[in-house]
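Colleague: Questions regarding the structure given below will be posed in turn.
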C-alpha cells in the first residue's frame, strides 16, 4: 500500500469537493488519499445533506431524469 498523503474525515459535500479539488491539482495522489466517515456507508452524509437542502438526487438529462431513461441491453 502506498504511503498516505491526505486523510479526509467525513464524506459530506464539502469533504468530497475538497477531494476533487485536491485531485485536480495533484492527480498522482489518487491512490494516496483516503476518506473516512463514521457512518460506514458510502455517501451517507452526502445523501442526508442533499435531502436536507432539498437538492434532487437525479439530474435531468435532456428533459428526462435518469430513472426515466430506458435501460440499454448489454447483449
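Nothing in this text is a laboratory measurement; each read-out follows from the coordinates by a stated rule. Values in this document were obtained by computation on a predicted structure and should not be read as measured data. Ideal geometry is used to build each Cβ from the backbone, glycine not excepted, and the neighbour counts take in all protein chains shown.
Colleague: Provide, as a two-decimal number, the C-alpha radius of gyration of the range 6-59 over 2.2 N^0.38 Å, N being how many residues it has.
Modeller: Numbers: Rg = 12.2 Å, N = 54, 2.2 N^0.38 = 10.0 Å.
Relative to the rule-of-thumb radius for its length, the range 6-59 sits at 1.22.
Colleague: Hey, fewest Cβ within 10 Å first, where do 37, 44 land in order?
Modeller: 44, 37
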